[in-house]
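Where a number appears in this text, it was derived from the coordinates with a stated rule and is not lab data. For clarity, every value in this text was computed on a predicted model and none was experimentally measured. As a convention, Cβ positions derive from the backbone with ideal geometry for all residues, glycine included, and neighbour counts pool all protein chains shown.
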């Protein structure tokens with residue numbers, strides 16, 4: 001029995017994008033769909049028995065019609081081939097009010113064959129081409145559904161989280177005791193585990209995060225524990241294997257060096273409970289590259305621009321999302337020929353920022369004649385540096401300024417700034 005585990009698809013992330021001339025869609029939307037296409041092709045070619053999404057199909061709670069259509073097309077391809085798909089509800093799939101539907105609830109409502117939605121803490125029995133499979137679902141919890149006012153009256157946030165953690169742990173342990181020991185079992189959970197290495201998910205957080213202990217989920221009755229919510233792929237524990245698949249596509253520069261892909265799990269139904277895993281592998285997909293170019297100019301550099309151009313030539317920037325950081329003195333900043341630098345970066349998919357970082361000892365006010373020679377973006381970069389603006393915030397403001405200067409519609413501001421998401 002072959003299961004494909006992935007998570008945090010986040011269709012709808014469109015930062016650093018442009019319009020694709022052939023389809024009229026955002027190129028970043030196409031990036032995320034392309035990663036999903038690679039997974040679908042693998043599932044078809046390697047005869048997967050089930051595809052499991054461990055939460056967060058979309059970026060937003062209210063995906064637009066185009067995003068829903070493109071996601072549904074890929075699911076239909078799998079379902080038509082007889083491959084069941086299990087969709088766990090993540091925090092980005094939840095509505096912001098009680099009574100409203102989740103972003104993926106429509107598949108249950110329409111009773112689409114081979115599509116299953118995990119929207120409650122319960123065990124689902126799914127028929128696959130290789131036999132039955134039990135999937136215990138731990139979706140992102142709705143606090144209001146688990147905790148009454150009496151439960152939380154007078155409690156601090158920490159105590160409320162402890163109470164929620166206890167309820168979730170009890171719920172999973174209760175499910176594990178009711179599993180059929182003769183049928184393979186997977187636990188699918190969209191959670192933060194204490195001790196896991198975080199990715200960029202915190203910058204995209206909707207609502208309040210909470211964390212569970214690994215021991216709350218690491219139960220020997222399961223053959224595999226499929227995790228979602230954290231974007232960095234990692235094996236949390238062995239025996240049974242407990243794994244974050246990570247996100248399928250890079251969201252921002254916080255994931256620049258992270259491999260992206262999905263997990264492939266082979267189970268032998270004939271083996272005893274908890275010992276059915278026969279193979280595990282991480283299949284990397286071709287994801288959009290993020291590249292940071294760091295240039296540290298010696299104070300005696302006679303031609304700063306030439307030095308920067310050589311650094312760009314040594315970097316892999318073709319079709320990548322690029323940011324350029326130049327450490328230099330105030331006098332060198334005035335000498336930069338920004339037109340030549342932008343031309344050298346023209347093969348990039350998107351230039352997120354060009355950031356001259358003036359050294360502290362030279363960060364005073366520029367001479368009037370020097371300031372007159374600066375273009376708008378460089379002047380803004382100098383100003384932000386002088387105000388000790390955090391680098392992520394600088395990228396946001398520079399990206400927005402570029403869109404205004406180009407007299408275009410303001411682009412979506414990158415997700416990785418320092419301001420907490422709400």
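Once the Cβ-Cβ distance of residue 275 and residue 177 is raised to the sixth power relative to R0 = 25 Å, the FRET efficiency obtained is 0.85. Listed by Cβ neighbour count within 10 Å, with the fewest neighbours leading, 358, 183, 191 appear as 183, 358, 191. Legend: calculated FRET efficiency, residue 197 to residue 25, from the Cβ-Cβ distance at R0 = 35 Å, rounded to 0.05, equals 0.60.
Note on residue 376 and residue 284: the extension gain reaches 29.1 nm, defined as 0.36 nm multiplied by sequence separation minus the Cα-Cα distance.
Each of 282, 262, 253 was scored by other Cβ atoms within 10 Å of its Cβ. Listed from fewest to most, they are 282, 253, 262.
By the count of neighbouring beta-carbon atoms within 10 Å, fewest first, 169, 286 end up ordered 286, 169. Label-to-label distance for residue 72 and residue 213 is 4.4 nm, based on points extended 7 Å past Cα in the beta-carbon direction. Working ranking of peptides 393-401, 174-182 by packing, defined as the average number of other Cβ atoms within 10 Å per residue, highest first, is 393-401, 174-182.
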